[in-house]
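Undergrad: What follows is a structure written as structure tokens; I'll ask about it next.
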Amino acid sequence: MSLRSRHLIGLEGVAREEIKLILDTAETFREIIERPIKKVPTLRGLTVLNLFYEPSTRTRISFELAEKRLSADSISFATATSSVKKGESLRDTVQNIEAMKIDMVVVRHSSAGVPYYLTQCLDSNIINGGDGTHEHPTQALLDMFTIRRKYGKLDGLRVILVGDVKHSRVTRSNIWGLKTMGASVAVCGPSTLLPYEVEKFGVDVYTSIEEALDGADVVNIMRIQLERQQAGMFPSQREYTNLWGLTRERLRLLNKNYTVMHPGPMNRGVEITNEVADGDASVILEQVTNGVAVRMAVLYLLSGKKEEETQ
Amino acid sequence: MKAPEYDLVIRNGRVIDPALGFEQEAVIFVAGGRIAGIVKESKSTKKLLDNYPEDKILDAAGMIVTPGLIDIHVHLREPGREYAETIASGCRAAAGGGFTSVCCMPNTFPVIDNQETVQFVHARAEKADARVYVIGAITKSLKGEELAEIGDLVKAGVVAISDDGNFVQNPELMRRGLEYAKMFHIPIVTHAEDKYLCGEGVMNESFESTRLGMKGRPAVGEVIAILRDIKLCEFVGGRLHVAHVSTAGGVEAIRQAKKAGIHVTAEAAPHHFTLTDDMIGVAFDTNLKVNPPVRTQKDVEAIIEGLVDGTIDCIASDHAPHAEEEKDVEFDKAPSGMLGLQTTLGLVKTQLIDKGYLSWADAVSKLAYNPARIMNLPGGTLNEGAPADITLIDPERKWTFRDKDIKSISRNSPYLGWKFSGKVAFTIAGGRIVYRGE
């Protein structure tokens, strides 16, 4: 069993067996990163470029750590200090870096479709670290990994994605992945933050958080970007918190043994209260730890995969 | 019959001229750059032509002979962006697509909002392979703030005014534009997309934009804009022409306006009766990025219905060249627009005629006669005395659109590799053969 593609562009269209393979592989790496010596020689000699055109703390450090723990040489690219400021095109930028001989690229970019575009520009394996509001597959994989570790399964669980669904790549990747793995998915948020015809993803759609949480196992919060309020997407932070904030009272609607998740960065006091974020059911920091293991698994499974090996 | 001096005689072709209600085999005589006569082949013509110099005779056996096609919506990029297209290269593309006349939009650098730039375009077009008619700006620098010197533009020869690429968002300014253009009996061409609803979008708003996480341009943004301009036109009079209608709602709005007797005409671009938004996610092809965007199957069907029932008067390519390096970027960053001049006829044949929606005569109306009427241009007919602008089409000839066929400087066509039927055999402008198909 191996992955069909030599890139990870999104979870749309990725088969159940492939997701299972990634999650199973991540279990092994999860053990390794608990060891006193966390480094394995798996990717020794390979060079990974972290191409971050958008600010990122978690995803970038997580990938860098994953690469270092697999003994890959990793280099990071920040748009603030690069020739992008001089007007160099994306194609020229990446082709110049690849000319220095790299093997894999992790890319974060504000425009949807950039990871696919890089597959057309480069020979390297491409991993999507988040493209616009399209997909963020490794985040969804680590979310699923975290859920599966707790419940031992994904099949039959009810997962609610609450918040800014419209502008969230995490939502889209979670929907594709969770549905493929047999979970039941619902989205919830102000109707102005639900994208057009969102129900066509095959999810239940709620504007009432109470109705959404009722009988669910997992609630995963899609962060509110505060600039959306300035853009008139909702009237005020206060009203958002009143109607959609995750509070202790609202948690009572969930099934027993529920789980609270957040991909970060959190706006404490807006979309989630302190006591919920730090409560017993919160796995928010566990998600971050698991992220390294999942990214190690993805890097490992894609490394060395060439065009002719893909089906 | 005395043998007069003709520059060119086209015989044995099936001549289709909706303006004359003419559709039969006929002989066309050309002299002095004009149509000198159009007659059925008879004993006397046969006698004349059998002894006529061979190099003056064009045998159109098996071909359709139509008035030179007219595209009232193209971007020639000159002045300002000659790396993407020039008047000469754009007109070569026009000739290659069977078009003998084009109307060019004013969004050049500098903008065509003054006499000098109109004159510059006219001068550049003198030796080009197609006639170029200029559409001037409605507002200075296309900024939507104050009217351009429209009287001056008309004096310089513009045939219409438009802020194409931009909607005149301020309704009071648009009202004044309509009123002002009315004095000069020229149409005002609206790019109907509300900026507040569509401004940041890069594709149609639908489940496809939701799936891809791209900002959408909702259909309602076009419908509202069309309805507003129709109502302004109803109120102040004048002639409104709606460019590139792309939505079912837009078609319906125009249909109702025509029923109510409002003086509105409309065009559709080939991509809006051919392409759909679900094609974008396949490979994020920036050549599919265009404003207004390609829509849904339902919209495609409505555009075709509008063409069939006459709601949409004509077909115009919205030929919009962009250099390879401008399109070879992130989807969000890519400029909007695609080439159109060389694929319009093939798409009309393959998408509309072959599927039984339009007859050849209907197609010629949409591609020659109606465009001429809307913009008040000479041509669009083969009547005696008309300019000798003639297109000869090999109607069932199969062809594939390849990179080497492109006559534009830019290559931004989503149709490369597409198979078409119906190929231009000859394009004749002012009696001169400007394109000869292989």
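Undergrad: Any residue in the stretch A:140-158 that is within 14 Å of chain B (Cβ to nearest Cβ) and buried (at least 18 other Cβ atoms within 10 Å of the Cβ)? Give the derivation first.
TA: The first filter runs over the stretch A:140-158 and keeps only residues within 14 Å of chain B (Cβ to nearest Cβ), leaving A:140.
Filter again for buried (at least 18 other Cβ atoms within 10 Å of the Cβ), leaving A:140.
Within the stretch A:140-158 (the criterion being within 14 Å of chain B (Cβ to nearest Cβ) and buried (at least 18 other Cβ atoms within 10 Å of the Cβ)), the answer is yes, since at least one residue qualifies.
Undergrad: Contact list please: Cβ distance under 8 Å, first residue in the stretch A:5-24 and open to solvent by 30 Å² or more (accessible area, probe 1.4 Å), second residue modelled with pLDDT of 95 or more and among the aromatic types (Phe, Trp, Tyr), pairs at least six apart or on different chains.
TA: Cβ pairs passing all conditions: A:9/A:116; A:12/A:176; A:13/A:176.
Undergrad: What is the residue count in the stretch A:90-134 for residues that are assigned to a helix (DSSP H, G or I), within 8 Å of another protein chain (Cβ to nearest Cβ) and either over 24 Å from the mean Cα position of the chain (by Cα) or among the acidic types (Asp, Glu) (or both)?
TA: 1
Undergrad: Scan the stretch A:173-181 and tell me whether some residue there is away from every other protein chain (no Cβ under 14 Å), in contact (Cβ under 8 Å) with a residue 12 or more places away in the chain and open to solvent by 10 Å² or more (accessible area, probe 1.4 Å).
TA: Start the filter on the stretch A:173-181 by keeping residues that are away from every other protein chain (no Cβ under 14 Å), which leaves A:177-178, A:180-181.
Next cut, in contact (Cβ under 8 Å) with a residue 12 or more places away in the chain only: A:177-178, A:180-181.
Among the residues that remain, those that are also open to solvent by 10 Å² or more (accessible area, probe 1.4 Å) are: A:180-181.
There is at least one residue in the stretch A:173-181 that is away from every other protein chain (no Cβ under 14 Å), in contact (Cβ under 8 Å) with a residue 12 or more places away in the chain and open to solvent by 10 Å² or more (accessible area, probe 1.4 Å).
Undergrad: Here's something else I'd like to know. Looking only at helices (runs of 4 or more DSSP H) that fall completely inside the stretch B:85-172, which ones have 3 or more residues that are surrounded by 24 or more Cβ atoms within 10 Å (Cβ to Cβ) and among the β-branched types (Val, Ile, Thr)? First the steps, then the outcome.
TA: Details: elements: B:87-96, B:115-125, B:150-156.
In the stretch B:85-172, there are no helices (runs of 4 or more DSSP H) which contain 3 or more residues that are surrounded by 24 or more Cβ atoms within 10 Å (Cβ to Cβ) and among the β-branched types (Val, Ile, Thr).
Undergrad: Hey, another quick one. Is it fair to say residue A:224 is modelled with pLDDT of 95 or more, more than 30 Å from residue A:91 (Cβ to Cβ) and in contact with a strand residue (DSSP E or B) (Cβ under 7 Å, 6 or more places away or on another chain)? Write out each step before concluding.
TA: Working: modelled with pLDDT of 95 or more: no; more than 30 Å from residue A:91 (Cβ to Cβ): yes; in contact with a strand residue (DSSP E or B) (Cβ under 7 Å, 6 or more places away or on another chain): yes.
Considered against the rule, which asks whether it is modelled with pLDDT of 95 or more, more than 30 Å from residue A:91 (Cβ to Cβ) and in contact with a strand residue (DSSP E or B) (Cβ under 7 Å, 6 or more places away or on another chain), residue A:224 comes out as no.
Undergrad: Go through the stretch A:25-70 and give me each residue that's basic (Lys, Arg) and either open to solvent by 60 Å² or more (accessible area, probe 1.4 Å) or within 20 Å of residue A:126 (Cα to Cα) (or both).
TA: If we filter the stretch A:25-70 for residues that are basic (Lys, Arg), which is where we start, we get A:30, A:35, A:38-39, A:44, A:58, A:60, A:68-69.
Within the stretch A:25-70, A:35, A:38, A:39, A:44, A:58, A:60, A:68, A:69 meet the criteria.
Undergrad: Given (1) over 29 Å from residue A:15 (Cα atoms); (2) in contact (Cβ under 8 Å) with a residue 24 or more places away in the chain; (3) not in a helix (DSSP H, G or I), where does residue A:55 come up short, assuming only one miss?
TA: The number of the failed condition is (2).
Undergrad: Could you list, in sequence order, the residues of the stretch A:135-171 that are part of a loop (DSSP other than H, G, I, E, B) and on the phi < 0 side of the Ramachandran plot?
TA: So the first thing to find is which residues in the stretch A:135-171 are part of a loop (DSSP other than H, G, I, E, B), and the list is A:136, A:152-157, A:164-168.
A:136, A:153, A:154, A:155, A:157, A:164, A:165, A:166, A:167, A:168 - these are the residues of the stretch A:135-171 that are part of a loop (DSSP other than H, G, I, E, B) and on the phi < 0 side of the Ramachandran plot.
Undergrad: Is at least one residue of the stretch B:260-280 buried (at least 22 other Cβ atoms within 10 Å of the Cβ) and over 22 Å from residue B:219 (Cβ atoms)?
TA: No, every residue in the stretch B:260-280 fails to be buried (at least 22 other Cβ atoms within 10 Å of the Cβ) and over 22 Å from residue B:219 (Cβ atoms).
Undergrad: Just the residues that are open to solvent by 20 Å² or more (accessible area, probe 1.4 Å) and either away from chain A (no Cβ under 14 Å) or among the β-branched types (Val, Ile, Thr) (or both), please, taken from the stretch B:212-236.
TA: Scanning the stretch B:212-236 gives B:220, B:223, B:224, B:227, B:228, B:231, B:232, B:234, B:235.
Undergrad: Go through the residues of the stretch B:305-324 one by one and say whether even a single one is in contact with a Phe, Trp or Tyr (Cβ under 6 Å, 6 or more places away or on another chain) and either β-branched (Val, Ile, Thr) or open to solvent by 10 Å² or more (accessible area, probe 1.4 Å) (or both). Write out each step before concluding.
TA: First, the residues of the stretch B:305-324 that are in contact with a Phe, Trp or Tyr (Cβ under 6 Å, 6 or more places away or on another chain): B:308, B:323.
Then drop every residue that is not either β-branched (Val, Ile, Thr) or open to solvent by 10 Å² or more (accessible area, probe 1.4 Å) (or both), which leaves B:308.
Yes.
Undergrad: I would also like to ask the following. Please state which of the following conditions residue A:62 fails to meet, knowing it meets all the rest: (1) more than 14 Å from every other protein chain (Cβ to nearest Cβ); (2) in contact with a Gly (Cβ under 6 Å, 6 or more places away or on another chain); (3) at pLDDT below 95.
TA: Condition (3) is where residue A:62 drops out.
Undergrad: Could I ask something else about it? Can you pull out the residues in the stretch B:398-410 that are touching a residue at least 40 places away in the same chain (Cβ under 8 Å) and of a type in the set (D, E, K, R)? Step through it out loud before you land on a result.
TA: First pass over the stretch B:398-410, keeping only residues touching a residue at least 40 places away in the same chain (Cβ under 8 Å): B:399, B:401, B:405-410.
Those that are touching a residue at least 40 places away in the same chain (Cβ under 8 Å) and of a type in the set (D, E, K, R): B:405, B:407.
Undergrad: Test residue B:220 against the criterion of being assigned by TED's automatic domain parsing to the domain that holds residue B:234 and farther than 20 Å from residue B:134 by Cα, and give yes or no.
TA: On the way: assigned by TED's automatic domain parsing to the domain that holds residue B:234: yes; farther than 20 Å from residue B:134 by Cα: yes.
Here the answer is yes, as residue B:220 does meet what is asked.
Undergrad: Any idea how many residues of the stretch A:237-254 are surrounded by fewer than 18 Cβ atoms within 10 Å (Cβ to Cβ) and without any contact (Cβ under 8 Å) to a residue 40 or more places away in the chain? Steps first, answer last, please.
TA: Within the stretch A:237-254, the subset surrounded by fewer than 18 Cβ atoms within 10 Å (Cβ to Cβ) is A:237-239, A:242-243, A:247-249, A:251-253.
Narrowing the set further to residues that are without any contact (Cβ under 8 Å) to a residue 40 or more places away in the chain leaves A:237-239, A:242, A:247-249, A:251-252.
The qualifying residues number 9.
Undergrad: Right, here's the next one. At least 2 residues that are open to solvent by less than 70 Å² (accessible area, probe 1.4 Å) and more than 21 Å from residue B:435 (Cβ to Cβ) in each: list the strands (runs of 3 or more DSSP E) lying fully within the stretch B:1-62 that qualify.
TA: Per the criteria, B:22-31, B:34-39.
Undergrad: Can you tell me how many residues in the stretch B:330-369 are assigned to a helix (DSSP H, G or I), open to solvent by less than 20 Å² (accessible area, probe 1.4 Å) and either within 14 Å of another protein chain (Cβ to nearest Cβ) or within 15 Å of residue B:314 (Cβ to Cβ) (or both)?
TA: Filtering the stretch B:330-369 for residues assigned to a helix (DSSP H, G or I) gives B:344-353, B:360-369.
Add one more test, that the residue is open to solvent by less than 20 Å² (accessible area, probe 1.4 Å), and what stays is B:344-349, B:352, B:363-364, B:366-368.
Pick out the ones that are also either within 14 Å of another protein chain (Cβ to nearest Cβ) or within 15 Å of residue B:314 (Cβ to Cβ) (or both) and you get B:344-345, B:347-348, B:352, B:363-364, B:366-368.
Residues flagged as assigned to a helix (DSSP H, G or I), open to solvent by less than 20 Å² (accessible area, probe 1.4 Å) and either within 14 Å of another protein chain (Cβ to nearest Cβ) or within 15 Å of residue B:314 (Cβ to Cβ) (or both) within the stretch B:330-369 amount to 10.
The values are calculated or read from the model by the stated rules, or taken from the named source; none is laboratory data. Remember, it's a predicted structure, so these values are computed and weren't measured experimentally. For neighbour counting, all protein chains shown are included, and Cβ atoms are generated from backbone atoms with ideal geometry for every residue, glycine included. Note: areas computed on protein heavy atoms with side chains; ligands, DNA, RNA excluded. Shrake-Rupley method; radii C 1.70, N 1.55, O 1.52, S 1.80 Å.
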